[in-house]
1. Filter the stretch 84-124 for residues that are touching a residue at least 40 places away in the same chain (Cβ under 8 Å), surrounded by 15 or more Cβ atoms within 10 Å (Cβ to Cβ) and of a type in the set (S, T, N, Q) and give the result.
2. Of all residues in the stretch 36-83, how many are touching a residue at least 24 places away in the same chain (Cβ under 8 Å), of a type in the set (Val, Ile, Thr) and part of a loop (DSSP other than H, G, I, E, B)?
3. Within 22 Å of Phe42 (Cα to Cα), within 14 Å of the chain's Cα centre (by Cα), in a strand (DSSP E or B) and not basic (Lys, Arg): is that true of Val129 in this structure?
4. Please enumerate the residues belonging to the stretch 34-52 that are surrounded by fewer than 19 Cβ atoms within 10 Å (Cβ to Cβ), of a type in the set (Ser, Thr, Tyr) and modelled with pLDDT of 95 or more.
5. If we keep just the residues of the stretch 1-33 that are among the aliphatic types (A, V, I, L, M) and modelled with pLDDT under 95, which is surrounded by the most Cβ atoms within 10 Å (Cβ to Cβ)?
6. Would you mind stating whether Ser85 is modelled with pLDDT of 95 or more and over 15 Å from the mean Cα position of the chain (by Cα)?
7. Give me a count of the residues in the stretch 88-139 that are among the aromatic types (Phe, Trp, Tyr) and more than 19 Å from Trp23 (Cα to Cα).
8. Restricting attention to the stretch 159-168, does a residue exist that is touching an Asp or Glu at 6+ places or on another chain (Cβ under 8 Å), farther than 23 Å from Leu31 by Cβ and not in a strand (DSSP E or B)?
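The values are calculated or read from the model by the stated rules, or taken from the named source; none is laboratory data. The model shown is predicted, which means the values in this text are computed figures rather than measured ones. Cβ placement follows ideal geometry from the backbone for every residue including glycine, while neighbour counts extend to all protein chains displayed.
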Amino acid sequence: MWGLPLAMSSRTFSLITAVTSDWGIGYKNGLPWPTLKEDLKFLRTKTTSTKDPQKLNATIVGRNTWNAVPPNMRPLPRRFTVVLSSQSKEAFPGAHLVCRSLGEAVESLSSPPLAEQIESIFILGGYGVYDEALRSPLCDKVYITHVEKQFPVDAYFPVQTFHDEGFKQISDEGTSSQSIEENGIKYRFVVYKK
């Protein structure tokens, strides 16, 4: 949990995820569905685009999400990656920063010297990180790719917390909610805000 009171300088952040029709987010430490190129492009574009070309966006992931990313893709290119874990940074080769909590991570990214280098912060999972982030007053937007099909899953998005916190669908410039079909799977991008 956040523990200490939030500093006034703490920045807002957004969540980004993809879910099956029954809110599944993972299966056996991977994605439940086959590769969806437009979804990967959406994730990459949202998490790498900055207004200031001198800055990077930060992504915050839990230990299991970090381990689910193929080693040759860690850290995610052109993003400052923070892993949440009680283990030391040496346990996560390639991670830019390791923090013990989401609150510590956001505070580190909101304070010098990182505050001058980071433009936006994105939460990329997993369940526990999403659950805590959704409850935070700093959670600004939630970007969800709704995959309109069921697949075997063993990890879910914290949908009850999402609903309890009162997120509502909004229009977002640059995000089309029109349905896309790829590999026989329909999906759409939806943006939510408290």
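1. The answer is Ser101, Ser110, Ser120.
2. 1
3. no
4. If the condition is that a residue be surrounded by fewer than 19 Cβ atoms within 10 Å (Cβ to Cβ), of a type in the set (Ser, Thr, Tyr) and modelled with pLDDT of 95 or more, then Thr45, Thr48, Ser49, Thr50 are the ones that fit.
5. Only one residue fits best here, namely Leu31.
6. yes
7. Going through the stretch 88-139 one residue at a time, the tally reaches 2.
8. No, the stretch 159-168 contains no residue that is touching an Asp or Glu at 6+ places or on another chain (Cβ under 8 Å), farther than 23 Å from Leu31 by Cβ and not in a strand (DSSP E or B).
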